[in-house]
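Please treat every number below as a calculation from the coordinates, not as lab data. Quick caveat, the model's predicted, so the values are computed rather than measured. Every residue, glycine as well, gets a Cβ built from its backbone with ideal geometry; the counts of neighbours run over all protein chains shown.
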Amino acid sequence: MANFQALLLALFISAVAMNQCFVGAMLSKSMYVNWGAHHSTISGNSEDVQLVLDQTSGSAVKSKRAFLFGSVEMLIKLVPGNSAGTVTAYYLSSTGDKHDEIDYEFLGNVSGQPYIVHTNIYTQGNGSREQQFYLWFDPTADFHNYTIHWNPTSVVWYIDNIPIRVFRNYEKEGIAFPNKQGMRVHSSLWNADNWATRGGLDKIDWNSAPFIAKLRRFRARACKWDGPVSINQCASQSRANWWTSPAYSQLSNSKMAQMKSVRDKFMIYDYCKDTKRFNGKMPAECFKPHF
């Protein structure tokens, strides 16, 4: 009898987990092209997407569902060659003037120069929290894993399982945190030559078009957003909500060491050190521990 009850409990937990966590199968079933459809192609057992930018248009894909907490990941191979002025974006975003957003933006380069990864986070429509890094590998030679892990305590940006940035929840101290709006996953390739490369000094060379970024194996192990009712469901501590377990409340010592190494060697901009930009009145979170 005890074994039977244990089996029922296991089945119940499994059912709850499947209801709460959406695990992406084929990319074509998880996402759709929301602009530039004539540029985008899906191939390779519906797991590969090609985003294209030329003088007529860029292109973008968007997840069919919105999520609140969990982990989303994508394998991305960036635009090769002279990609100056282009931006390949991969991000989570809600809608409206008071939207939340968590960003990766890959800033194209003049041939031979390193790519820059631009990260940012918006809460209630307020961004201005940029951090930038040189990538320590050639992101055009192969696919690399870019993951956003997001739970009630923090947001962590990972590249190939190495954390590069943490934004912690200090909401109790008056600092907004993205925990009340479901966000969809987006990826796009677009013309940003008014600012992307050396502040807009290097423009797109349309002779190098079309520009192509490749996406593969989108996965979202995350809580489904079904409106405000999901706020408590997705934030509650349970076996189904694996992202709320103590193991994910902060980085391990080894992960913190990895992040420190990347930040020491490859960070090129941190809004929390830009005193001139904020006239000395730095954002409150800049005085808090980030790890």
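Separation of the stretch 91-151 and the stretch 153-226, taken as the distance between their Cα centroids, equals 4 angstrom.
Each Lys or Arg adds one and each Asp or Glu subtracts one; over the other residues with Cβ under 11 Å from the Cβ of G85, this totals -1. Taking every alpha-carbon pair under 8 Å whose residues sit at least 6 apart, the chain reaches a relative contact order of 27 percent.
Each helix, a run of at least 4 DSSP H residues, gives -39500 (n - 2.57); summed and divided by the residues of the chain, these come to -4500 deg cm²/dmol at 222 nm. Under 15 Å from the Cβ of G199, count the other residues' Cβ atoms, weight Lys and Arg +1, Asp and Glu -1, and hand me the total. Residues close to G199 contribute a combined charge of -2.
Note on the chain: GNM, Cα springs under 10 Å; of A84, A141, A222, the largest mean-square fluctuation is that of A141. Relative to the longest principal Cα axis of the chain, at what angle does helix 2-20 sit, 0 to 90 degrees, rounded to 10? Roughly 30 degrees, rounded to the nearest 10.
Name the shape class, rounded, prolate or oblate, that the alpha-carbon gyration tensor gives for the stretch 22-287, where a ≥ b ≥ c are the square roots of its eigenvalues, rounded holds for a/c under 1.5, and otherwise prolate holds if a/b is larger than b/c and oblate otherwise. Please list the in-between numbers first.
Details: a/c = 1.64, a/b = 1.20, b/c = 1.37.
Because a/c hits 1.5 or more and a/b fails to exceed b/c, the stretch 22-287 counts as oblate.
In the chain, the longest principal axis of the Cα atoms and the axis of helix 253-266 are about 10 degrees apart. Of the residues G108, I204, T244, the one whose Cα sits farthest towards the positive end of the charge dipole of the chain is T244 (charges of +1 on Lys and Arg Cβ, -1 on Asp and Glu Cβ, taken about the Cα centre). Would you please classify the overall shape of the stretch 182-244 from the alpha carbon gyration tensor, given that a ≥ b ≥ c denote the square roots of the eigenvalues, rounded means a/c under 1.5, and beyond that prolate means a/b larger than b/c while oblate covers the rest? Prolate is the answer for the stretch 182-244, as a/c is 1.5 or above and a/b outweighs b/c. Counting Lys and Arg as +1 and Asp and Glu as -1 over every other residue whose Cβ lies under 14 Å from the Cβ of Q124, the net charge comes to -2.
Each peptide in 143-149, 70-76 receives the mean, over its residues, of other Cβ atoms within 10 Å, and ordering these scores from highest gives 70-76, 143-149.
Taking 35 Å as R0, compute the FRET efficiency from the Cβ-Cβ separation of D138 and K288 and round it to 0.05. All intermediate terms of the calculation are to be shown ahead of the outcome.
Numbers: r = 35 Å, r/R0 = 1.00.
For D138 and K288, the calculated efficiency is 0.50.
Summarising the label geometry, the points placed 7 Å from Cα in the beta-carbon direction at D160 and S252 lie 1.9 nm from one another.
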